[in-house]
Amino acid sequence: MISLPMAFALRAMNRLYTLEKPLTFSGKGAMIKLADLMVRSGSRRPLLVTDSFLLKNGMLDGLLEFLANEGCDVTVYDGIIPNPTFAVVEEGVAAIRAGKCDSVFAVGGGSAIDAAKVMAAASTSKKSLDKLAGILKVDQPLLPFYVVATTSGTGSEVTTAAVISDTQTHKKKFFVDPKYLPVAAAFDTDLLVSLPGPMTAGTGMDALTHAIEAFISRARTPATDRDAATAIRLIVEFLPVAYSNGNDEHAREMVALGSFLAGNAFTRAGLGYVHAISHQISAHYNTPHGLANAILLPRVLRFNRQVSAERFAELERMLQGNSSAPYALIQADQFIERVDALASTVGIPVNLDDLQQKDFASIAKDALAEARSSYAVPKVMRKSDVTKILNSVSNGSRSVDFA
Ligand SMILES: [Fe+2]
């Protein structure tokens, strides 16, 4: 959870720094194009950060062959695990030092990218990992850092933050600094097509949540609105296609670009109650982040139905091309129904069996604290509102009476 000073610092950071989007490559062969850029930029001794699955399944053979042909001496670190720990980062830093690496090339989902960000920072810093945690703590330029995103959801390839678990304290530590933006990123359809259906659905709905929460945030700007709206258009159109036909390369690429734009929007405008509640649910029951978000999203949109009616209506008009519905509130309802239907189409259940009534009070308390300290939400929830949402998730009812 982000603390109050961290939320303040995040807002200050966004005011002080103009965050540029990283250069991106997408489509077939994008990973090699990115590696080519890295080599042309002078790297000869990269650290490849990935997970053992990608490596063992030969999905990086072409990359390793390309780098070998270019005369590179590659060190491989394939110890990435979900929710990477300080120990993982320390192993990576040791590999960088042993291999005298001059760059970091991450291939994977949010866990690989987050761990690689902090490896690239820690390897050039004299600070301990604990001292690098927090806002604007990076004291040296990172090793040049390149990212190939193999999932389409976290947006980590375009965010200024990384999350690493401290196994001593059992807390997640946030590392936030504009220096964590990579030099360049790639979305390679040869890798994206291998993402299984449930992960496609969960990560895609996570990206949609990023875009919608940024679009209704009070910290939004014209630039974040543009990125968020484009992301919503791409994900609504192409996520069902990518889910039903994983080999559709065009759909995969469009969802990846939507996720990238959504990440760009939320890293500046922030998130909202979907994330505030889902973080607590995941902490209690280890629920995958995207799945928890996808289940919560329509319910939180219904909570914001009145206050964000104009915003939702604008999105609905964009998606319909026009709308015959006469009032913004009706168009807003159409948008919420559309999000609900999209979740169903990609196999998201309406309820979570794991939820336990005894945990509702602490989930609600921590969710409200996270939102209060970190997000510019359009309307403040009460504890009873969170409880109503949790009850509806528990019993599988789509409608929530917030009166
Ligand atoms: Fe998320």
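Mind counting the residues in the stretch 269-297 that are open to solvent by less than 40 Å² (accessible area, probe 1.4 Å) and either of a type in the set (D, E, K, R) or away from the ligand (no atom under 16 Å from the Cβ) (or both)?
1
Tell me, yes or no, whether the stretch 226-245 has at least one residue that is part of a loop (DSSP other than H, G, I, E, B) and more than 14 Å from ARG338 (Cβ to Cβ).
Yes.
For the stretch 49-62, name all the residues that are open to solvent by less than 40 Å² (accessible area, probe 1.4 Å) and assigned to a helix (DSSP H, G or I).
Matches in the stretch 49-62: LEU54 only.
Tell me, yes or no, whether the stretch 255-266 has at least one residue that is over 22 Å from VAL386 (Cβ atoms), open to solvent by 10 Å² or more (accessible area, probe 1.4 Å), more than 16 Å from the ligand (Cβ to nearest atom) and under 18 Å from the mean Cα position of the chain (by Cα).
The answer is yes; a qualifying residue exists.
Which is in contact with a Gly (Cβ under 7 Å, 6 or more places away or on another chain), outside the structural domain of THR221 (by TED's automatic domain parsing), open to solvent by 40 Å² or more (accessible area, probe 1.4 Å) and at pLDDT 95 or above, of GLU65, GLU91, GLU70?
Numbers: GLU65 fails: in contact with a Gly (Cβ under 7 Å, 6 or more places away or on another chain); GLU70 fails: in contact with a Gly (Cβ under 7 Å, 6 or more places away or on another chain).
Among GLU65, GLU91, GLU70, only GLU91 is in contact with a Gly (Cβ under 7 Å, 6 or more places away or on another chain), outside the structural domain of THR221 (by TED's automatic domain parsing), open to solvent by 40 Å² or more (accessible area, probe 1.4 Å) and at pLDDT 95 or above.
Of all residues in the stretch 335-358, which are closer than 18 Å to THR209 by Cα, in contact (Cβ under 8 Å) with a residue 12 or more places away in the chain and open to solvent by 30 Å² or more (accessible area, probe 1.4 Å)?
Passing the criteria: ARG338, THR345, GLY347, PRO349, VAL350, ASN351.
Residue under question is THR167, and the condition is that it be assigned by TED's automatic domain parsing to the domain that holds THR24 and away from the ligand (no atom under 15 Å from the Cβ); does it hold?
Numbers: assigned by TED's automatic domain parsing to the domain that holds THR24: yes; away from the ligand (no atom under 15 Å from the Cβ): yes.
Here the answer is yes, as THR167 does meet what is asked.
Could you tell me whether SER156 is in contact (Cβ under 8 Å) with a residue 60 or more places away in the chain, open to solvent by 10 Å² or more (accessible area, probe 1.4 Å) and in the same structural domain as VAL39 (by TED's automatic domain parsing)?
Judged against the criteria, SER156 is not a match.
Can you tell me which residue within the stretch 208-232, out of those that are β-branched (Val, Ile, Thr) and away from the ligand (no atom under 16 Å from the Cβ), is modelled with the lowest pLDDT? Walk me through how you get there before you give the answer.
Within the stretch 208-232, the first condition is being β-branched (Val, Ile, Thr), and the residues that meet it are 209, 212, 216, 221, 224, 230, 232.
With away from the ligand (no atom under 16 Å from the Cβ) added as a condition, the list becomes 221, 230.
Numbers: THR221: 92, THR230: 98.
Among residues in the stretch 208-232 that are β-branched (Val, Ile, Thr) and away from the ligand (no atom under 16 Å from the Cβ), the one modelled with the lowest pLDDT is THR221.
Just checking, does the stretch 232-242 include any residue being closer than 21 Å to ALA162 by Cβ, open to solvent by less than 10 Å² (accessible area, probe 1.4 Å) and in contact (Cβ under 8 Å) with a residue 40 or more places away in the chain?
No, every residue in the stretch 232-242 fails to be closer than 21 Å to ALA162 by Cβ, open to solvent by less than 10 Å² (accessible area, probe 1.4 Å) and in contact (Cβ under 8 Å) with a residue 40 or more places away in the chain.
Which one of ALA332, ALA403 is free of Cβ contacts under 8 Å to residues at least 60 places away in the same chain and open to solvent by less than 20 Å² (accessible area, probe 1.4 Å)?
Of ALA332, ALA403, the one residue that is free of Cβ contacts under 8 Å to residues at least 60 places away in the same chain and open to solvent by less than 20 Å² (accessible area, probe 1.4 Å) is ALA332.
The values are calculated or read from the model by the stated rules, or taken from the named source; none is laboratory data. Given the structure is predicted, the values throughout are model-derived calculations rather than measurements. Positions of Cβ are generated from backbone atoms using ideal geometry, with glycine treated the same way; all protein chains shown enter the neighbour counts. With ligands, DNA and RNA removed, areas are computed over all heavy atoms of the protein, side chains included. Shrake-Rupley method; radii C 1.70, N 1.55, O 1.52, S 1.80 Å.
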